[in-house]
Protein chains: 2
Amino acid sequence: MSKRLGILLSGRGSNFIAIADSVAAGRLDVEIAVVISNRADAPGLLAAHSRGLNAVLLPSRGMEREAYDRQLAAEIRKNNVDLICLAGYLRLLSPWFIREFPMRILNIHPSLLPAFPGLDAQRQALEHGVKFSGCTVHYVDEGLDSGPIIQQAVVPVLEGDTLEALSARILREEHRIYSEAIGLLTGGKRILGSGSV
Amino acid sequence: MSKRLGILLSGRGSNFIAIADSVAAGRLDVEIAVVISNRADAPGLLAAHSRGLNAVLLPSRGMEREAYDRQLAAEIRKNNVDLICLAGYLRLLSPWFIREFPMRILNIHPSLLPAFPGLDAQRQALEHGVKFSGCTVHYVDEGLDSGPIIQQAVVPVLEGDTLEALSARILREEHRIYSEAIGLLTGGKRILGSGSV
């Protein structure tokens, strides 16, 4: 039976859309059981709804972190989710939530971790002057972007690169490797070329 | 006029040999003015001598760091060195020495800095579980492998990689990009393919 994904997002959810496209195209044998947004105005929530997916709004504004995360966990359990995928989810998860789902929460980060964890990873990379950056799919643990690495991709940083150009170049790879990593972990189809630059 | 390199080494000096090969093959328009070893038994010193280069032994054993570095600086000045290249030089440079030659000392490090600075970079990479590693040519400043980056190269970390296999894969790229970086900085010939993975 296909593994069931729960996707958490707060914005446009471009990584969610890439995953949904992989599923729709038959490249990834999983089921998107639920897409949860903590913000009513997240375009990704609308995108999930218009694709006929189970799109759930759980507004977080003003809520205490763990109280909110208990709601979130209940929604995830209700949908029998096997793997939780953060896709631009702009809210820190509580240690309680992370301990509830050990090695079952994935995130994608726009750098070659362990370089440039935290916010503004692409800007950090530009300012540091690295010649290559990339993105990383990793398990979420209680540290900052520090969980075990599942998949990475590399992109060059070009002379005169703007933040926008570099971010777009990395984002294309994010869209590729997130599905790839989910395939690896769920036994869903593995896309050829995995692990290559 | 060709820029003059001073090379510091303590061991086999495989990066020195790669640079010397680039010079001999006409791929790099610089002159190797002096090769200095702090150890009498460094095979790289013999290699320099047998290539007819100016090979100088300055034994460091038992010497106080700055006193030694003052000898080193004198030897470098005597040879009118424009650029100092560390090539497996297993002795920390004193802050005094580093301040004497600002932005004129290069090092090569076997990781994609800022990831995995310090000793055993290849082992650190394996233990962290990254999918890509590489090497970095950088200016030496007073921090630990923290100076401005000049050139980098990426290699994949393969499933089941040993430390030896990964180190060898990285070393091949070290041999390529050190010459490349020297060419960039000295106006010597730039090798095609610079910056590519």
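The values are calculated or read from the model by the stated rules, or taken from the named source; none is laboratory data. Quantities reported herein were computed from a predicted structural model and do not represent experimental measurements. Reconstructed Cβ throughout: ideal geometry from the backbone, glycine too, with neighbour counts over all protein chains shown. Side chains are part of the model used for accessible areas, which takes the heavy atoms of the whole protein and leaves out ligands, DNA and RNA. Shrake-Rupley method; radii C 1.70, N 1.55, O 1.52, S 1.80 Å.
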Self-check item: Residues being in contact (Cβ under 8 Å) with a residue 24 or more places away in the chain and more than 11 Å from chain A (Cβ to nearest Cβ) - total across the range B:117-126
Solution: 4
Quiz prompt | Boolean, A:Ala74 is closer than 20 Å to A:Arg104 by Cα, among the hydrophobic types (A, V, I, L, M, F, W, C), at pLDDT 95 or above and over 17 Å from the mean Cα position of the chain (by Cα) | solution = yes
Exercise. Assess whether B:Gly52 counts as being in contact with a helix residue (DSSP H, G or I) (Cβ under 6 Å, 6 or more places away or on another chain) and either more than 25 Å from B:Thr186 (Cβ to Cβ) or modelled with pLDDT of 95 or more (or both).
Key: no
Exercise. Give the range B:77-99 a look and list any residue that's open to solvent by 60 Å² or more (accessible area, probe 1.4 Å), farther than 17 Å from B:Val56 by Cα and over 16 Å from the mean Cα position of the chain (by Cα), or say none.
Key: B:Pro95, B:Arg99
Practice problem: Find the residue count for the range B:92-108, including only residues that are away from chain A (no Cβ under 14 Å) and in contact with a helix residue (DSSP H, G or I) (Cβ under 8 Å, 6 or more places away or on another chain). | Solution: 9
Quiz item: Which residues, counting only those in the range B:12-46, are among the small types (Gly, Ala, Ser) and open to solvent by 20 Å² or more (accessible area, probe 1.4 Å)?
Solution: B:Ser14, B:Ala24, B:Ala25, B:Gly26, B:Ala40
Practice problem: Quickly run through the range A:75-126 and pick out the residues that are over 21 Å from A:Ile182 (Cα atoms) and of a type in the set (A, V, I, L, M, F, W, C). | Solution: A:Leu92, A:Trp96, A:Ala115, A:Phe116, A:Leu119, A:Ala121, A:Ala125, A:Leu126
Exercise. For the range B:1-98, please list each of the strands (runs of 3 or more DSSP E) lying entirely inside it that holds at least 3 residues being out of contact with any Cys (no Cβ under 6 Å at 6 or more places or on another chain) and in contact (Cβ under 8 Å) with a residue 24 or more places away in the chain.
Key: B:3-9, B:30-37, B:83-86
Practice problem: Return yes when A:Pro102 is without any contact (Cβ under 8 Å) to a residue 12 or more places away in the chain and either farther than 18 Å from A:Glu164 by Cα or assigned to a strand (DSSP E or B) (or both) and no when it is not. | Solution: yes
Quiz item: Is the range B:109-116 home to any residue that is more than 11 Å from chain A (Cβ to nearest Cβ), touching a residue at least 24 places away in the same chain (Cβ under 8 Å) and out of contact with any Gly (no Cβ under 6 Å at 6 or more places or on another chain)?
Solution: yes
Quiz prompt | Odd one out for B:Gly129 among (1) more than 17 Å from A:His128 (Cβ to Cβ); (2) surrounded by fewer than 17 Cβ atoms within 10 Å (Cβ to Cβ); (3) more than 9 Å from every other protein chain (Cβ to nearest Cβ) | solution = (3)
Practice problem: Kindly list the number of the only condition in (1) out of contact with any helix residue (DSSP H, G or I) (no Cβ under 6 Å at 6 or more places or on another chain); (2) at negative phi; (3) open to solvent by 30 Å² or more (accessible area, probe 1.4 Å) that fails for B:Glu66. | Solution: (1)
Quiz item: Do we have any residue at all in the range A:11-19 that's more than 22 Å from A:Leu171 (Cβ to Cβ) and out of contact with any Ser or Thr (no Cβ under 7 Å at 6 or more places or on another chain)?
Solution: no
Quiz item: In the range B:100-115, what count of residues is obtained for those that are open to solvent by less than 20 Å² (accessible area, probe 1.4 Å) and polar (S, T, N, Q)?
Solution: 1
Exercise. Could you list all residues from the range A:185-194 that are touching an Asp or Glu at 6+ places or on another chain (Cβ under 8 Å) and either at pLDDT 95 or above or in a helix (DSSP H, G or I) (or both)?
Key: A:Thr186
Quiz item: Does the range A:162-184 contain any residue that is open to solvent by 10 Å² or more (accessible area, probe 1.4 Å), within 29 Å of A:Arg77 (Cα to Cα), outside any helix (DSSP H, G or I) and more than 9 Å from every other protein chain (Cβ to nearest Cβ)?
Solution: no
Quiz item: Checking B:Val197 against (1) in a loop (DSSP other than H, G, I, E, B); (2) at pLDDT 95 or above; (3) open to solvent by 40 Å² or more (accessible area, probe 1.4 Å); (4) out of contact with any Gly (no Cβ under 8 Å at 6 or more places or on another chain), which single condition isn't satisfied?
Solution: (2)
Quiz item: How many residues does the range B:135-161 hold that are more than 25 Å from B:Ile98 (Cα to Cα) and surrounded by fewer than 19 Cβ atoms within 10 Å (Cβ to Cβ)?
Solution: 4
